[in-house]
1. Hey, which of these cross-link pairs are over 25 Å Cα-Cα: Lys110/Lys137; Lys51/Lys137; Lys51/Lys99; Lys59/Lys122?
2. Can you pull out the chymotrypsin sites (Phe, Trp or Tyr not before Pro) in region 67-143 whose DSSP state is coil and whose Cβ has at most 11 other Cβ atoms within 10 Å?
3. Rank-order 39-52, 123-136 by packing density, defined as the average count of other C-beta atoms within 10 Å over each peptide's residues, highest first.
4. Grab the other residues whose beta carbon is less than 12 angstrom from that of Ile77, score K and R as +1, D and E as -1, and report the net.
5. Sequence neighbours fewer than 8 away in the same chain don't count; with that in mind, list the aspartates and glutamates whose C-alpha is under 17 Å from Lys113.
6. Give, in whole angstrom and from largest to smallest, the semi-axes √(5λ) of the equivalent ellipsoid of region 53-143, with λ running over the eigenvalues of the Cα gyration tensor.
7. Rounded to whole Hz and in sequence order, give me ³J(HN,Hα) for region 128-143 from the Karplus expression 6.51 cos²θ - 1.76 cosθ + 1.60, θ = phi - 60°, writing x for Gly and Pro.
8. Can you check what the net charge comes to around Tyr106, using other residues whose Cβ is under 10 Å from the Cβ of Tyr106 (Lys, Arg +1; Asp, Glu -1)?
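Values in this text are rule-based calculations from the coordinates and carry no lab data. Worth saying up front: this structure is predicted, and the values here are computed from it rather than measured. Please note: Cβ atoms are built from the backbone with ideal geometry, for glycine as well, and neighbour counts cover all protein chains shown.
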Amino acid sequence: MGRASKLKKFCTGCGGDFDKIKRHVCKDGTRKSGIKRYNECIDCAKKRYKKYNEIRISKWNKLKRGIILQKGGCCSICGYNDLSCLACFDFHHLDIYKKKFNLSKYIIGKPFKLEYANNYKKETKKCIIVCSNCHRKIHWHIL
């Protein structure tokens, strides 16, 4: 066992080996945190993160779809109701002073946990559903 063998690790995902030093050092020389404990190569870590994010986002989208359907399933102003793209629908706070947080930014990077989902549901009770076009018009004081 020489020094070279101590610097190699074996990936638990693909079984390949990767260089321990290159694995944990960024281009600017700073250390990456969090990835070290998984003992996997960068490609396997990217695949795992991608799968995790797809699952997380689908759960948040399922919750958003349910809330939109509870509130009528269409834009409160123009009646737009194509639910094939949830990004077309926004939650508009009726009273800005009761707004605790921005709903669209709340879910970024958050795991889907019951506590977060309940906070999200509580905040949506203060909102109406509007399509993105009507939402922009509201904030431009056209509607």
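1. Details: Lys110/Lys137 30 Å; Lys51/Lys137 37 Å; Lys51/Lys99 32 Å; Lys59/Lys122 17 Å.
Flagged as over cut-off: Lys110/Lys137; Lys51/Lys137; Lys51/Lys99.
2. Numbers: sites: Tyr80, Phe89, Phe91, Tyr97, Phe101, Tyr106, Phe112, Tyr116, Tyr120, Trp140; in loops: Tyr80, Phe101, Phe112, Trp140.
Sites meeting the loop and neighbour criteria: Phe101, Trp140.
3. Numbers: 39-52: 14.4, 123-136: 18.1.
By packing density, highest mean first, the sequence is 123-136, 39-52.
4. Once positives and negatives cancel, what remains is +1.
5. Those aspartates and glutamates meeting the cut-off are Glu54, Glu123.
6. Details: eigenvalues 93, 50, 26 Å².
Working through the eigenvalues yields semi-axes of 22, 16, 11 Å.
7. 10, 8, 9, 6, 5, 5, 5, 4, 5, 5, 4, 6, 8, 6, 8, 9
8. Details: positive: Lys100, Lys105, Lys110; negative: Glu123.
For residues surrounding Tyr106, the net value is +2.
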